[in-house]
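Encoded as structure tokens, the structure appears first; notes follow it.
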Amino acid sequence: MSKLSLDRILQSQGFGTRKWCRELIADGEVSIGGEVIKDYRTVFETDGLSFTIFDEDWEYREHVYIALNKPANFECSRKPSHHPGVLTLLPEQFTWRDVQPVGRLDHDTTGMLLMSDDGAFIHAQSSPRRHVPKLYVATTHAPVTDALIAQLLSGVQLHDEPAPLAAQSCRKLDEHRIEIVLEQGKYHQVKRMLAAAGNHCEALCRTMIGKLSLESLELEEGEWCFLDAAQLSLLAPE
Ligand code: URA
């Protein structure tokens, strides 16, 4: 349980500097339980607090855990150079809250991207010691052969890796698509593994992390949602 003044609450939720939040409050832009609050010093219990700002309803969240259905042509890097950053797909206050992607997808990879402002969560999820399976659907340039699947399952040698990397599972979906599950998250791993096995990745979509599927989230490309405790528990390793 923690009690905070309204200006601090809004600042913590990413609505701007404390000075700016005080101005929003004085301008009558913020209401709680249907009542406009104009005194920024008014104190509220943050647990379970809902507030309305610019006619939009928000819940107080100590941290945010977000899943985005990433479209192609958005970059995960903090300083995007060739395409807009994924943060531009989220409301502006998430940038103020320092929300960051959990790991990275290439600019042309689509699908499930986790994002959060909880440093411990980001660190734990991206740790190489945490063996959370990630499922991708890759579209291949050349037809999928049994030999390709066998190679990906037995392991392929990538240039800068000390040992061959193998898919945890891999199956053919159709003539030009495979489903591949990886536990590691090496740079361009799916694309490099396909290239090392003599094919080429034309398109890549991440469809599942742990037991949380993109399909279950029912997000159109470019849409995002908050993840609840039950959904977060599906991200845990086996
Ligand atoms: N593997 C890749 O090659 N690219 C991604 O974006 C994710 C996994």
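At 1.4 Å probe size, with every protein chain present, just tell me what the per residue accessible area of the chain comes to in Å². All intermediate terms of the calculation are to be shown ahead of the outcome.
Details: 12870 Å² over 238 residues.
With the other protein chains kept in place, the chain gives 54 Å² per residue.
If you stretched the chain out fully between residue 202 and residue 146, how much longer would it get, using 0.36 nm times the residue separation minus the C-alpha to C-alpha distance?
Details: separation 56, 0.36 × 56 = 20.16 nm, distance 1.88 nm.
Computed gain between residue 202 and residue 146 is 18.3 nm.
To make sure I understand the rule: partners must be lysines, Cα under 28 Å from the Cα of residue 186, and not fewer than 8 residues away in the same chain. Which ones qualify?
70, 79, 134, 172, 211
Tell me, what % of the accessible area of the chain is carbon and sulfur with a 1.4 angstrom probe? Provide the component values of the computation, followed by the final result.
Working: 6530 of 12870 Å².
Its accessible area is 51 percent carbon and sulfur atoms.
Once the dipole of the chain is set up with Lys and Arg at +1 and Asp and Glu at -1 on Cβ about the Cα centre, which of 201, 66, 20 lies farthest towards its positive end?
Result: 201, furthest along the dipole toward the positive end.
Modelled label-to-label distance, residue 55 and residue 92, 7 Å Cα→beta-carbon offset: nm?
Taking the two extended label points, one gets 1.7 nm.
In what order, largest first, do 193, 208, 1 sit by accessible area if the probe radius is 1.4 Å?
The ordering from most to least exposed comes out as 1, 208, 193.
Can you send over the solvent-accessible area of residue 126, 1.4 Å probe, protein chains only, in Å² to the nearest 10?
Surface open to solvent at residue 126 totals about 60 Å².
Assign one of three labels to segment 3-59, namely rounded, prolate or oblate, based on the Cα gyration tensor with a ≥ b ≥ c the square roots of its eigenvalues; rounded applies when a/c is under 1.5, prolate when it is not and a/b is larger than b/c, and oblate otherwise. Don't skip to the end; give the middle numbers.
On the way: a/c = 1.28, a/b = 1.08, b/c = 1.18.
Because its axes are fairly even, with a/c under 1.5, segment 3-59 counts as rounded.
Ranked highest first by the average count of other Cβ atoms within 10 Å around their residues, in what order do 47-56, 21-30, 132-141 fall?
Put in order of decreasing packing, that is 132-141, 21-30, 47-56.
The values are calculated or read from the model by the stated rules, or taken from the named source; none is laboratory data. Note that the coordinates shown come from a computational prediction; the quantities given were computed from them, not determined experimentally. Reconstructed Cβ throughout: ideal geometry from the backbone, glycine too, with neighbour counts over all protein chains shown. Just the protein is used for accessible areas: all its heavy atoms, side chains included, with ligands, DNA and RNA removed. Shrake-Rupley method; radii C 1.70, N 1.55, O 1.52, S 1.80 Å.
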